[in-house]
Amino acid sequence: MERPDPPSGWYESAWDWASANVSRYADFRQFYRSVTDLDPSIVRHGPKGMDERYYKPLFDYHLRNMNPRKYVAMLPGGRVCGRSGVISPDNKLIWDVSMDFFGSPEQHPVFSGRPLPPVTRIPGTAAVMTAPGSDNYYHWLVDVVPRFELLRRAPIRIDKYIMNVNGTIPFQNETLAALGISREQLIESHDGTNYQADTLVVPAVLNTRTLMPGWALPVIRRGLLTNRGITPIAGYERIYVSRLNAGHRRTENEQALIRILEGFGFRTVYMEQHSVADAARIFSSCDIVVAPHGAGLANLVFCRPGIKVVELFAPRYVNLCYWAISQHAGLDYHYLIGDGPEPGPVDPDTGSGLGGHDPISVNPVDLWMLLEKMQRPERTWFFNKRRRTDGMTMKIAMKAYNGQYVCAEGGGGREMVANRTQLGPWETFQATFVDPWNNLVTLKTWDGNCYVGAAADGRVYSAHAQSPGPEMTFKLEPRGGRHMSLRSSSGKFVCAEGGGGREMIANRDYCDIWETFEIEVL
């Protein structure tokens, strides 16, 4: 078989190829058709949870309307070399439809100097549907599926589809079947292939450097949700999407987060165990979704407008792709940044990117505070520890195991008890973060006159003081849902004796039900 020469250069775009060669042809539309009847609008708003120091420029950059060109190009005798290299009739790479995870055209494998694979001829018309990361659920759903709509609107009769498929990936097979593409129409493109069609049809690539365009959302929903008659299902109103079985970017302290989430009525799901139809059914049922950054969040395309999203990140990798989907879908998007190495300078075009495989570890108190705020949005305190500062205050009440409130008798100046059935001023406290990174707080009676302290002998008291002494600092430790324990400065847990109804004491080495309090943020 014929081995072709390497490309002699590149065009930045299919438009550049068509413009450079249009003088040879009578009808420009015979070789390049813009698709103009798709909604070009993009409405974007900044997310909630932004870290001003590093991430604000990243989001601000993409708040602008950046809608990639929509078109279908027809290349007589065009080729597809390897996984992604679209070659023009005059033997040049067309870059905007050949981008892989490379920085520039000259880095494309067709310019590596290695001999190119021999050419295999394809009679008739073949559409190029290759895209980087086609074996990844997000890239398949967002970068590949909407391109079928460009072909439909061109419109052009297609005999074959050249794709990065091999028949072994279930979500690829399921979506193609749902879109009416048969296995017999597919041709696999990989590193060892080099196809030349009588006419190579090339729809625009949507999302290699920019974010998903708004018009792609209804296309995906129509093809994979509404046209299939998929409806919501009970039991998935609040979900946490786990990456426990992923190869990287797992949540290190996932069990601690799940304990918090279960207290708020969340259910943990593992999306790799579900079909695309099941994923559409689950996400169309959600009111709140919490998840570390990962491909499972691509299913946000199936969500109803207005639902809440919390995305978890490691500091060195904040990717905007699910924020963009949330904007198009009308979702209420939040994010939390976990612990880890600090990011370097952020490139607005590509994201922070240096730590794409970094594990994620989010402070459980941050997640608890955010969930509380989402339920009561009128609360004004900040929830992300990177935004929290010393002195941040919230108004709280504490319930013992038996449901009775912790009380500062007389409004302060006496020992603390946990024996009140009604909430009033004596049962209301001001919690002030004195070390947000370590969840250290002081507790004041709400009139501001007395601090709560734990004496060396274990007595828990409230006393008049101008400023808190060493005994008057406690560590909040999450115990699941809205439940926390309080550890004194001596390392002992605060206990409501008998589970409530009696005095408070700080003398326990271990935390159990008497040492656990339900925190109500007021």
Subset of segment 440-454 (residues that are at pLDDT below 85 and either surrounded by fewer than 20 Cβ atoms within 10 Å (Cβ to Cβ) or part of a helix (DSSP H, G or I) (or both)) = D447, G448, N449
Taking D509, is it under 41 Å from the mean Cα position of the chain (by Cα) and either of a type in the set (D, E) or assigned by the TED database to the domain that holds I258 (or both)?
-> yes
Could you please find all residues in segment 242-253 being assigned to a loop (DSSP other than H, G, I, E, B), within 17 Å of the chain's Cα centre (by Cα) and surrounded by 11 or more Cβ atoms within 10 Å (Cβ to Cβ)?
-> S242, R243, L244, A246, R249, R250, E252
If we ask which residues in segment 213-229 are assigned to a helix (DSSP H, G or I), of a type in the set (A, V, I, L, M) and under 13 Å from A178 (Cα atoms), their number turns out to be 3
Filter segment 176-202 down to residues that are of a type in the set (S, T, N, Q) and touching a residue at least 24 places away in the same chain (Cβ under 8 Å) and give me whichever is surrounded by the most Cβ atoms within 10 Å (Cβ to Cβ).
-> S189
Looking only at segment 125-156, and only at residues there that are without any contact (Cβ under 8 Å) to a residue 60 or more places away in the chain and in a loop (DSSP other than H, G, I, E, B), the one that is farthest from D100 (Cα to Cα) = P155
Is it true that some residue in segment 246-256 is among the hydroxyl-bearing types (S, T, Y) and touching an Asp or Glu at 6+ places or on another chain (Cβ under 9 Å)?
-> no
Test: residue in segment 167-187 that is in contact with a Cys (Cβ under 9 Å, 6 or more places away or on another chain), in a loop (DSSP other than H, G, I, E, B), modelled with pLDDT of 95 or more and of a type outside the set (D, E) | no
Residue in segment 227-241 that is under 26 Å from V86 (Cβ atoms), under 20 Å from the mean Cα position of the chain (by Cα) and at pLDDT 95 or above present | no
Extreme residue, modelled with the lowest pLDDT, among residues of segment 363-381 that are under 19 Å from the mean Cα position of the chain (by Cα) and more than 15 Å from L476 (Cα to Cα) = M374
Subset of segment 247-295, residues without any contact (Cβ under 8 Å) to a residue 40 or more places away in the chain and of a type in the set (S, T, N, Q), comes to Q255, T268, Q273
Mind listing whichever residues of segment 328-344 are closer than 17 Å to S361 by Cα and part of a strand (DSSP E or B)?
-> H334, Y335, L336, I337
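Here's the yes/no breakdown for (1) in the same structural domain as P76 (by the TED database); (2) charged (D, E, K, R); (3) touching a residue at least 60 places away in the same chain (Cβ under 8 Å):
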{"residue": "I158", "(1), (2), (3)": "yes, no, no"}
{"residue": "I169", "(1), (2), (3)": "yes, no, no"}
{"residue": "E174", "(1), (2), (3)": "yes, yes, yes"}
{"residue": "A204", "(1), (2), (3)": "yes, no, yes"}
{"residue": "L224", "(1), (2), (3)": "no, no, yes"}
{"residue": "N227", "(1), (2), (3)": "no, no, no"}
{"residue": "T231", "(1), (2), (3)": "no, no, no"}
Only one of these is more than 18 Å from W368 (Cα to Cα) and crowded, with 16+ Cβ neighbours inside 10 Å: E477, E520, E515. Name it.
-> E515
Every residue from segment 402-427 that is surrounded by fewer than 20 Cβ atoms within 10 Å (Cβ to Cβ) and polar (S, T, N, Q) | N402, N419, T421, Q422
Residues of segment 254-280 satisfying the condition of being surrounded by fewer than 19 Cβ atoms within 10 Å (Cβ to Cβ) and assigned to a loop (DSSP other than H, G, I, E, B) | G265, Y270, H274, S275
Filter segment 301-313 for residues that are farther than 15 Å from R238 by Cβ and outside any strand (DSSP E or B); the one that is modelled with the lowest pLDDT is P305
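Which ones in segment 455-474 are outside any strand (DSSP E or B) and not polar (S, T, N, Q)?
The first filter runs over segment 455-474 and keeps only residues outside any strand (DSSP E or B), leaving 455-458, 465-473.
Once the filter is applied, which keeps residues that are outside any strand (DSSP E or B) and not polar (S, T, N, Q), segment 455-474 yields A455, A456, D457, G458, A465, P468, G469, P470, E471, M472.
So, in segment 53-102, of the ones that are among the hydroxyl-bearing types (S, T, Y) and crowded, with 16+ Cβ neighbours inside 10 Å, which residue ends up modelled with the lowest pLDDT?
Y54
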Does segment 442-450 contain at least one residue that is in the same structural domain as A506 (by the TED database) and under 18 Å from M369 (Cα atoms)?
-> yes
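The values are calculated or read from the model by the stated rules, or taken from the named source; none is laboratory data. Remember, it's a predicted structure, so these values are computed and weren't measured experimentally. All Cβ positions, glycine included, derive from the backbone under ideal geometry; neighbour counts span all protein chains shown.
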